[in-house]
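A.B. asks: Dropping the structure in here first, questions after.
The values are calculated or read from the model by the stated rules, or taken from the named source; none is laboratory data. Since this is a predicted model, take the numbers as computed values, not measurements. Every residue, glycine among them, receives a Cβ derived from its backbone with ideal geometry; neighbour counts consider all protein chains shown. Areas reflect the complete protein model, heavy atoms only, side chains present, ligands, DNA and RNA absent. Shrake-Rupley method; radii C 1.70, N 1.55, O 1.52, S 1.80 Å.
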Amino acid sequence: MTGSDPVVELRDLTKKYGQLAAVDGVNLTVHRGEVFGFLGPNGAGKTTTLRMLLGLIRPTSGDAAVLGVRPGDPDALRRIGSLIEGPGFYPYLTGRTNLRTMARYAGVPASNVGPALEAVGLADRAGDKFGTYSLGMKQRLGVAAALLKDPELVILDEPTNGLDPQGMRDMRELIVDLGRQGRTVILSSHLMGEVQQICERVAVIDRGRIVREGTVEQLRGDTELELVATPSDVAVATLRALSFVDDVRTEAGCLLVKVGTRHTAEITRALVHAGVAVTGVRRTERELEDVFFDLTTHEDKELSHV
Amino acid sequence: MSDLVNVTRAELAKLVRRPAAWVLLAAAITLDQVFGFVIPYLSYKNGSGGAMTDGESPAQLLAGTLPAQVITNTTAAFPVFAGALALVLGALVAGNEFTGGTLKTLLTQGPRRASVFGGQLLALVTAVGVGVLALFLTCAASALGIALVEDQAVGWPSIGDLAAGLGSGWLVMAMWASLGAVFGVVLRSVALPIGLGVVWILGIENLISAVARTSLTALQPLRDLLPGVSSGSLISSVLPVQIGPLPPGVQSTVSGERGLATVAAYAVVAALTVVVVGRRRDVSA
């Protein structure tokens, strides 16, 4: 259940390294209980933003509040579980000892270690040294460390990196479970399918700025209908006369109509009524990945204008 | 306060399991044993001194390995060679947290940064203290063994002398370890701090001392403030009456009190630097 009270609030948050603005005036609100997707290409400013949320990096300017206090506040950190830019553990310690070390740092009982290892499916390899783990196992241990404190807010930066397909599915289910338990989850990922399945709202960051924020449905936008209809000129005129049709264009002999899904029947009815023969109707939905590339692929756009 | 205790406990548990810590301890013990006992004793058994023993008589060589000289044999390497090993340990403990990406994991668990860096330092100086004790015990065992084998009287230093010797030794080693930690935190790496630190201890300090002693005496006030010179003077002041020549780096360039004050000041400044720099640093790795 998503509450209305904000868990994370960023206002004009900026981080500059010399002249380079890694994060440039970011405004963002994440509400309690949300599973929130944070998307962006490499170097867009995702990890820097997440590090600022955890107090690892100080912002150059702007305001941030996490769980109602400034980022890095020790009391707030004890209510946040995080995995940022890959797991950082000691290669000479076992998985279990690494988590015990973190438990000591967090001031939580060592008895929390076992359930955290179980939750990520690593209990049977917990006695092996971290240095011998595969990338996927290291990633799981990172998520286990994030769960040690029974956190209200979970921040996961690319948690499925290095996981095999089964591991990715397990991780997805784990994140969905975290959301169901009422925890707020901020998930940064390159895997659009994953975000589309898991997240309720997303923000896309590019070159340090938030370029789009909204629900997954809002970002994916209206459905497109692909119609094969003759005569096409009559069809186009008929469609353009309909108030609920946003856009009509012709591509490879098909009419592409941008419209809400609930209007499909009305469109075919209007065309038939106008004497147009409709021989094919196909609904196409934009994937989050398409939206992401539209928002973040600069070189392609620039080339297309040449 | 509980943060500091939790962090120190966690860091001690880490140090105990850290192979590098044991390798460094083994190296320090080997240094002490080889130069404090093996070479002098073998030379004594051969009935000759030679270059390695600075022309000491066989009787002097044997006397130098007996329990009465255990403080000398334990602490003589601290100002230079064992000090370099302590510096390596400090740089490893502090610098590895940056290069291994573990610092972000530690800091996001919730303790205050001052507790994290303060706890790491406390664990480091505690480990150094345990190391000093281990060095003393191995030296004492060797000295006792030689005394028994050679049918010599077993006369240990007084408790007061032992406490002063080991306490001073611990302070010197803690200072070097803390300076290693400073390099680790400031440079956020391991290799460069170790390289710079070892070059400083083994090379630059000796160069400055030599230049100040011979060609540029105006440098003597600066020389007298150097950590190696100060620790050599401190150790020199707590050693019993010397039978042979003093080991390298152990000489009373300044008074023992001044050496103690300078070494303590370095240790305190190093600890404060680690905490202050650590608190302010962006953790971006």
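A.B. asks: Tell me, yes or no, whether the range A:82-103 has at least one residue that is farther than 25 Å from residue B:102 by Cβ, in contact with a Ser or Thr (Cβ under 8 Å, 6 or more places away or on another chain) and either outside the structural domain of residue A:182 (by TED's automatic domain parsing) or buried (at least 21 other Cβ atoms within 10 Å of the Cβ) (or both). Break it down stepwise before answering.
C.D. replies: Step one: list which residues in the range A:82-103 are farther than 25 Å from residue B:102 by Cβ, which gives none.
The answer is no, given that none of the residues of the range A:82-103 is farther than 25 Å from residue B:102 by Cβ, in contact with a Ser or Thr (Cβ under 8 Å, 6 or more places away or on another chain) and either outside the structural domain of residue A:182 (by TED's automatic domain parsing) or buried (at least 21 other Cβ atoms within 10 Å of the Cβ) (or both).
A.B. asks: Something else about it: Collect the residues in the range A:180-200 that are under 18 Å from residue A:66 (Cα atoms) and either more than 14 Å from the chain's Cα centre (by Cα) or of a type outside the set (A, V, I, L, M, F, W, C) (or both), keeping them in residue-number order.
C.D. replies: So in the range A:180-200, the residues under 18 Å from residue A:66 (Cα atoms) come out as A:182-188.
Across the range A:180-200, the qualifying residues are A:182, A:183, A:184, A:188.
A.B. asks: Further, regarding this structure: Restricted to the range A:116-139, and to residues that are within 25 Å of residue B:110 (Cα to Cα) and open to solvent by 80 Å² or more (accessible area, probe 1.4 Å), which residue is modelled with the lowest pLDDT?
C.D. replies: A:118
A.B. asks: Pick out the one residue from A:226, A:217, A:173 that is surrounded by fewer than 16 Cβ atoms within 10 Å (Cβ to Cβ), modelled with pLDDT under 85, in a helix (DSSP H, G or I) and not small (Gly, Ala, Ser).
C.D. replies: Values: A:226 fails: in a helix (DSSP H, G or I); A:173 fails: modelled with pLDDT under 85.
That would be A:217, the only listed residue that is surrounded by fewer than 16 Cβ atoms within 10 Å (Cβ to Cβ), modelled with pLDDT under 85, in a helix (DSSP H, G or I) and not small (Gly, Ala, Ser).
A.B. asks: Considering only residues of the range A:58-81 that are facing chain B (nearest Cβ under 8 Å) and either in contact with a helix residue (DSSP H, G or I) (Cβ under 7 Å, 6 or more places away or on another chain) or over 23 Å from residue A:143 (Cα atoms) (or both), which is least open to solvent (accessible area, probe 1.4 Å)?
C.D. replies: The extreme case among them is A:78.
A.B. asks: Got a sec? Which of A:91, A:6, A:87 is under 22 Å from residue A:176 (Cα atoms), touching a residue at least 24 places away in the same chain (Cβ under 8 Å) and at the interface with chain B (Cβ under 9 Å from one of its Cβ atoms)? Walk me through how you get there before you give the answer.
C.D. replies: Details: A:91 fails: under 22 Å from residue A:176 (Cα atoms); A:6 fails: at the interface with chain B (Cβ under 9 Å from one of its Cβ atoms).
After ruling out the rest, the residue left standing is A:87.
A.B. asks: Give me the residue from the range B:102-152 that is more than 14 Å from chain A (Cβ to nearest Cβ) and without any contact (Cβ under 8 Å) to a residue 12 or more places away in the chain and, out of that set, least open to solvent (accessible area, probe 1.4 Å).
C.D. replies: The extreme case among them is B:145.
A.B. asks: Give just the number: which of (1) more than 18 Å from residue B:240 (Cα to Cα); (2) away from chain A (no Cβ under 14 Å); (3) assigned to a helix (DSSP H, G or I) does residue B:93 not satisfy?
C.D. replies: With (1) more than 18 Å from residue B:240 (Cα to Cα); (2) away from chain A (no Cβ under 14 Å); (3) assigned to a helix (DSSP H, G or I) applied to residue B:93, the lone miss is (2).
A.B. asks: For residue A:54, are the conditions met, namely being modelled with pLDDT of 95 or more and open to solvent by less than 30 Å² (accessible area, probe 1.4 Å)?
C.D. replies: Values: modelled with pLDDT of 95 or more: yes; open to solvent by less than 30 Å² (accessible area, probe 1.4 Å): yes.
Yes.
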